[in-house]
1. If you go through the range 41-65 one residue at a time, how many are touching a residue at least 24 places away in the same chain (Cβ under 8 Å) and either more than 14 Å from the ligand (Cβ to nearest atom) or within 11 Å of the chain's Cα centre (by Cα) (or both)?
2. If you check residue 208 against the conditions, is it more than 18 Å from residue 90 (Cα to Cα) and either of a type outside the set (S, T, N, Q) or in contact with a Leu (Cβ under 9 Å, 6 or more places away or on another chain) (or both)?
3. Of 73, 97, which residue is more than 16 Å from the ligand (Cβ to nearest atom) and crowded, with 17+ Cβ neighbours inside 10 Å?
4. All but one of (1) within 13 Å of the chain's Cα centre (by Cα); (2) within 12 Å of the ligand (Cβ to nearest atom); (3) free of Cβ contacts under 8 Å to residues at least 40 places away in the same chain hold for residue 189; which doesn't?
5. Would you confirm whether or not the range 133-141 contains a residue that is in a loop (DSSP other than H, G, I, E, B) and more than 22 Å from residue 93 (Cβ to Cβ)?
6. Within the range 142-159, is there a residue that is touching a Pro at 6+ places or on another chain (Cβ under 8 Å) and outside any loop (DSSP other than H, G, I, E, B)?
7. Considering the range 77-111 alone, what residues qualify as being in contact with a strand residue (DSSP E or B) (Cβ under 9 Å, 6 or more places away or on another chain) and outside any loop (DSSP other than H, G, I, E, B)?
8. Name the residues in the range 1-42 that are closer than 14 Å to residue 203 by Cβ, small (Gly, Ala, Ser) and either exposed (fewer than 14 other Cβ atoms within 10 Å of the Cβ) or at pLDDT 95 or above (or both), would you?
Amino acid sequence: MGSRPPNLFVFSTVDILATNLRTYIVQCQTMALNRHDVFKVAISGGSLPKTLAKALLAPPTSPEDTIRFDKWEVFFADERAVPLDHEDSNYRLLKDELLDKIPTDAGKPTVYPIDVNFLDDAQELADQYEKLLVQSFAARDSVKLPLFDLLLLGCGPDGHTCSLFPGHPLLRETSGWVLPIEDSPKPPPTRITLSLPVVTAGLRIAFVATGGGKKDIMKKIFEEGNGLPCALVNEMAGDRCTWFTDSPAVEGVAFPRRGSL
Ligand SMILES: O=C(O)[C@H](O)[C@@H](O)[C@H](O)[C@H](O)COP(=O)(O)O
């Protein structure tokens, strides 16, 4: 359980949100580089990569504001079981929106896509991705869970995050790090996702939710909870969790704690 409620930031525009998201990411990057000289990040799909590109591709305003892409290790918080050049691929989305646009002199992140040799077997696809995490995390941290320095997540209109959907049995999985799902209510149906324990173990967790389409679910997440995946992350991660929203997404929503960076 998180000891304090999650942080919530509301910005008047997505551009201002992006500037503040960058400041937050740089803070997480600094903590990570001090801790282990690498920045391990998990990123999900949806509208997030576009906002992320806005945040990260802007030129630095000071030396301290530099994005050290050369130190980034990028994992996928969830991924669809499709080839990497498929229009549904979260890898492709991130590549098109962000990775391919990083200036060459800014350094290249190390990116860990799924192994497309296992697209026909969701369990194997998940197991292979979990192996990658084991290699990347366990040896260094000798922990029971991979501790991402930062997870950058979206929030679906039904309250899902990653590919953890409301009421789905995957929410009760406590042992696996990476889980297969073959009946995702959001297409495509076959995907892999980080498990709830892995998400909530993250040192920092940031949600980005923008636009009036998020208003109703934001109310449910923050005012009722109702076991919605995003609400579960809030409950378990507490103030390690920070929401970046714009005004339309939170119109009329009462929050435990608002703040600014
Ligand atoms: O692969 C996916 O489908 C995403 O990872 C998913 O979890 C997404 O982040 C949310 O659905 C929010 O999407 P929007 O930001 O587009 O609403």
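1. Of the residues in the range 41-65, 15 are touching a residue at least 24 places away in the same chain (Cβ under 8 Å) and either more than 14 Å from the ligand (Cβ to nearest atom) or within 11 Å of the chain's Cα centre (by Cα) (or both).
2. No; evaluated as a whole, the condition is false for this residue.
3. On inspection, the qualifying residue turns out to be 73.
4. If we test residue 189 against (1) within 13 Å of the chain's Cα centre (by Cα); (2) within 12 Å of the ligand (Cβ to nearest atom); (3) free of Cβ contacts under 8 Å to residues at least 40 places away in the same chain, just (1) comes out false.
5. So far as the range 133-141 goes, no, none of its residues is in a loop (DSSP other than H, G, I, E, B) and more than 22 Å from residue 93 (Cβ to Cβ).
6. no
7. Those that are in contact with a strand residue (DSSP E or B) (Cβ under 9 Å, 6 or more places away or on another chain) and outside any loop (DSSP other than H, G, I, E, B): 78, 79, 80, 90, 91, 94, 95, 99, 110, 111.
8. Within the range 1-42, 32, 42 qualify.
The values are calculated or read from the model by the stated rules, or taken from the named source; none is laboratory data. Fair warning: this is a prediction, and the values are worked out from it, not measured in the lab. Neighbour counts are summed over all protein chains in view; Cβ atoms, including those assigned to glycine, are modelled from backbone coordinates with ideal geometry.
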